[in-house]
1. Go through the range 257-266 and count every residue that is more than 21 Å from residue 341 (Cβ to Cβ) and outside any helix (DSSP H, G or I).
2. So, in the range 342-357, how many residues would count as being open to solvent by 40 Å² or more (accessible area, probe 1.4 Å) and touching a residue at least 60 places away in the same chain (Cβ under 8 Å)?
3. So, in the range 115-150, of the ones that are assigned to a strand (DSSP E or B) and in contact (Cβ under 8 Å) with a residue 60 or more places away in the chain, which residue ends up farthest from residue 429 (Cα to Cα)?
4. Given the criterion open to solvent by 10 Å² or more (accessible area, probe 1.4 Å) and either among the hydrophobic types (A, V, I, L, M, F, W, C) or in contact (Cβ under 8 Å) with a residue 12 or more places away in the chain (or both), identify the matching residue among 381, 407, 411, 386.
5. Conditions first: (1) within 30 Å of residue 440 (Cα to Cα); (2) of a type in the set (Gly, Ala, Ser); (3) buried (at least 19 other Cβ atoms within 10 Å of the Cβ); (4) out of contact with any helix residue (DSSP H, G or I) (no Cβ under 6 Å at 6 or more places or on another chain). Residue 66 passes all but one, so which condition is the exception?
6. Mind listing just one residue for me: the one in the range 48-62 that is hydrophobic (A, V, I, L, M, F, W, C) and farther than 15 Å from residue 92 by Cβ and, of those, surrounded by the fewest Cβ atoms within 10 Å (Cβ to Cβ)?
7. One residue is enough: does the range 424-435 have a residue meeting the conditions over 14 Å from residue 479 (Cα atoms) and in a loop (DSSP other than H, G, I, E, B)?
8. If you take the residues in the range 174-189 that are in contact with a strand residue (DSSP E or B) (Cβ under 9 Å, 6 or more places away or on another chain) and of a type outside the set (Val, Ile, Thr), which one is surrounded by the most Cβ atoms within 10 Å (Cβ to Cβ)?
Amino acid sequence: MFDYRHSLKCVRFLSQFKIPRSDCLSYGPPRRVHDPKICSIQDKGLVLGVYFNENVKDEGAILTASAQKYDKQCGGKLWKQLKLTPIPRLGEYRIFYDLDSTYGFVAVAGLGTECLRFNSIEQLDESKEAIRIAAGIGAQALQKFKPSLIHVESFGNAEAAAEGATLSTWKFQEYKSPSSKEIFPPVKMELFDDCDFHGWKIGTLKAESQNLARFLQEMPPNRLNPTSFAKIAVELLCELNINVEVKTQGWAASHEMGGFVAIGKSSIQPPLYVEISYFGAEECTRPIVMIGKGVTFDSGSLDLKPLKDLIFMKGDMAGAACVVAITRAAAILKLPVNIRGILPLCELMPSGRSPKFGDIVSCAHGKSIHIRMPSREGRLLIADSLVYARNYWPKAILDIGTMSKELIYSLGGAACGCYTNSEELFCYVAAASSQTGDRIWRMPLWKYYEERIKDCETADVANASLDEYGDSPNCAAFLKQFVCDSKWLHFDTYNVAYTKGHDFPYLHRGMTGRPTRTVIEMMFQLLADSKL
C-alpha cells in the first residue's frame with residue numbers, strides 16, 4: 001500500500017524557492033530614484049535636417065550642423081537610427097522618439113542636395129524653398145502630438161525656416177467644436193541652435209500676415225459681409241495707429257464711382273468703401289497706394305457662375321485681405337513708408353437691382369463703361385479706385401484681385417499673373433517673388449488687348465471683350481485706361497487664391513493668402529535701395 005505521507009516529505013513547496021533576504025540590507029519600503037530630468041514629461045519637439053545627394057557613391061547623406069551637434073549630445077542615437085531607415089529626400093521626414101531627456105520626439109526632414117542655389121530658369125531661390133519645405137513638413141508632423149513647444153533649426157536661413165514652420169502649422173478651424181479631435185491648438189515655436197532671432201522674427205511675421213489673409217478668405221460669407229469686414233479692419237489696424245475710414249454708398253456716388261455703386265446695390269448688404277492709411281515716413285513723402293478687390297461673395301449676378309466655381313467665391317475678397325495683412329505687417333515692422341489702402345467692399349448677388357447685360361456706367365475719369373458681362377465686376381471696382389488713387393499723388397499703385405479664371409489653365413498654381421507699365425517695379429517684384437517662393441509671371445500689356453476692350457459701339461470701353469479667350473490680359477488692358485501716368489502693378493491672383501494642398505507642402509488645402517509675403521518683401525527691397 002502506497003503511503004502518500006512519506007511522499008510529501010520529498011516535495012518542495014513554492015515558498016521554499018524564495019531567495020532569503022541578505023543580512024546586509026535592512027527591511028523597509030523599496031527605494032525610489034527621483035531624477036527631475038527622467039521624471040519630467042517629454043512633450044517638446046525638435047525639427048532637424050539632413051542633406052542627401054544621390055550622385056555621391058558612398059555615403060550620400062549628411063546631417064546639418066545643428067543636427068550633428070544634437071547627435072553628439074544624445075550619444076549618436078540620431079544618426080544610428082536614421083541609417084536604419086531610408087534617408088528622407090526633399091519633402092520627406094522621419095520621426096524618432098525618446099533620444100534624450102529633453103525632447104520626446106525629433107523630426108528629421110530632408111533638404112535635398114547641398115548644392116541648391118538660385119535657379120534662373122525656375123526664377124526661384126531653391127535653397128530657401130527647400131528650407132521652407134523641410135521646416136514646414138517637420139513642424140506639421142510634430143503638431144499631431146500636440147507638443148508644448150517645437151524647436152526648429154534654421155537650416156542656414158532662419159527667416160525661411162520660420163515662414164515654412166508658421167505657414168504649415170496654421171489651419172482654419174474657427175467654427176469647429178472645441179471638443180473635436182481634429183482641433184490642433186496653436187503651437188509655440190522657437191529657433192534652435194542659432195542666434196539669428198531677427199530673421200526668425202521677420203519670417204514669422206511674414207507668415208502670420210499671410211495666415212491672416214488666409215483666415216479672412218476662409219470666413220463664411222454669411223459671417224464676413226462688407227460691414228463685418230470693415231469692423232475687422234478697424235479692430236486689427238486701429239490698435240497699431242493705422243487710420244481707417246469707412247465710407248458709404250452715398251459717398252461713392254458723390255465721387256462718381258459708377259461701377260462700384262452699380263455692383264454694390266445688387267445685394268441687401270450695404271457696400272462700403274474703406275480707406276486705410278499708414279504713415280511711417282514724413283508726411284510729404286509720396287505713398288504707395290494698394291487697392292484690394294473686396295467682393296465678399298461673387299455669385300456672378302445675372303451671369304450666374306456654375307456650382308463648381310460658386311463654392312470658392314467666399315474668397316473673392318482675397319485682394320482686400322492681402323492689403324489689410326500687408327499694411328498691418330508694415331506697421332508692426334515700423335517700415336519708413338507711407339501706405340494708402342483702398343478696399344471697395346460689396347457683395348454681388350442676383351436681384352432686381354443687379355447690373356444687367358448692356359448697362360452703361362460712368363466714372364470720375366470721364367469715361368463711360370459698357371457692362372458687357374455682369375460677372376466681371378472686380379475690374380469695375382478697381383477702375384473707380386484707380387481714378388480715386390490719383391488724389392494721393394502716389395509713388396506707385398498696386399492692385400490685387402481675383403480677376404480671371406483663365407489663368408488656372410495656363411499657370412495653374414505655380415505663379416500669379418502680373419501686369420505692369422513699369423520695368424523698375426517688375427524687376428523688384430520679380431526679385432522678391434524669387435526669394436519668397438511665391439512666384440509671379442509677367443503677362444502682356446499690349447495694345448492688341450486694348451483694341452479688344454475698346455471695340456464697343458455704345459461706350460468708351462467695355463468691361464470684357466467679345467473674344468472668348470484672353471480674359472486676363474483683357475482685364476489688365478481695361479484697367480490700364482484708368483491709370484494715367486502712375487507706376488502701376490496689377491496682380492491677377494484667381495489661380496493662386498486656392499490650393500488643393502499639393503502645390504506647396506507647407507500650405508494646407510484651402511485659401512492661400514498669396515501674394516502677401518511677396519509684396520512685403522518687395523517693400524523691403526524698395527526701401528533698401530531708397531526707392532521709397
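1. Just the residues of the range 257-266 that are more than 21 Å from residue 341 (Cβ to Cβ), to begin with: 258, 262, 265-266.
Then keep just the ones that are outside any helix (DSSP H, G or I); that gives 265-266.
Of the residues in the range 257-266, 2 are more than 21 Å from residue 341 (Cβ to Cβ) and outside any helix (DSSP H, G or I).
2. Going through the range 342-357, the residues open to solvent by 40 Å² or more (accessible area, probe 1.4 Å) turn out to be 349-353, 356-357.
Applying the additional criterion that residues be touching a residue at least 60 places away in the same chain (Cβ under 8 Å) yields 349-351, 353.
The qualifying residues number 4.
3. Of the range 115-150, the ones assigned to a strand (DSSP E or B) are 118-119, 124-125, 149-150.
Then keep just the ones that are in contact (Cβ under 8 Å) with a residue 60 or more places away in the chain; that gives 118, 124-125, 149-150.
Numbers: 118: 16, 124: 13, 125: 14, 149: 35, 150: 33 Å.
Result: 149.
4. On the way: 381 fails: open to solvent by 10 Å² or more (accessible area, probe 1.4 Å); 407 fails: open to solvent by 10 Å² or more (accessible area, probe 1.4 Å); 386 fails: open to solvent by 10 Å² or more (accessible area, probe 1.4 Å).
One residue alone meets the criteria, 411.
5. All conditions pass for residue 66, except number (1).
6. We begin by selecting, within the range 48-62, every residue hydrophobic (A, V, I, L, M, F, W, C); these are 48, 50, 52, 56, 61-62.
Filter once more, so that each one left must be farther than 15 Å from residue 92 by Cβ: 56, 62.
Numbers: 56: 12, 62: 18.
In this case the residue turns out to be 56.
7. Narrowing the range 424-435 to residues over 14 Å from residue 479 (Cα atoms): 424-435.
Then keep just the ones that are in a loop (DSSP other than H, G, I, E, B); that gives none.
No, every residue in the range 424-435 fails to be over 14 Å from residue 479 (Cα atoms) and in a loop (DSSP other than H, G, I, E, B).
8. Of the range 174-189, the ones in contact with a strand residue (DSSP E or B) (Cβ under 9 Å, 6 or more places away or on another chain) are 187-189.
From the residues that got through so far, the ones that are of a type outside the set (Val, Ile, Thr) too are 188-189.
On the way: 188: 11, 189: 24.
Checked the range 174-189; the qualifying residue surrounded by the most Cβ atoms within 10 Å (Cβ to Cβ) is 189.
The values are calculated or read from the model by the stated rules, or taken from the named source; none is laboratory data. Quantities reported herein were computed from a predicted structural model and do not represent experimental measurements. Virtual Cβ from ideal backbone geometry, glycine too; neighbours counted across all protein chains shown. In case anyone asks, the SASA skips ligands and DNA or RNA and just uses the protein heavy atoms, side chains included. Shrake-Rupley method; radii C 1.70, N 1.55, O 1.52, S 1.80 Å.
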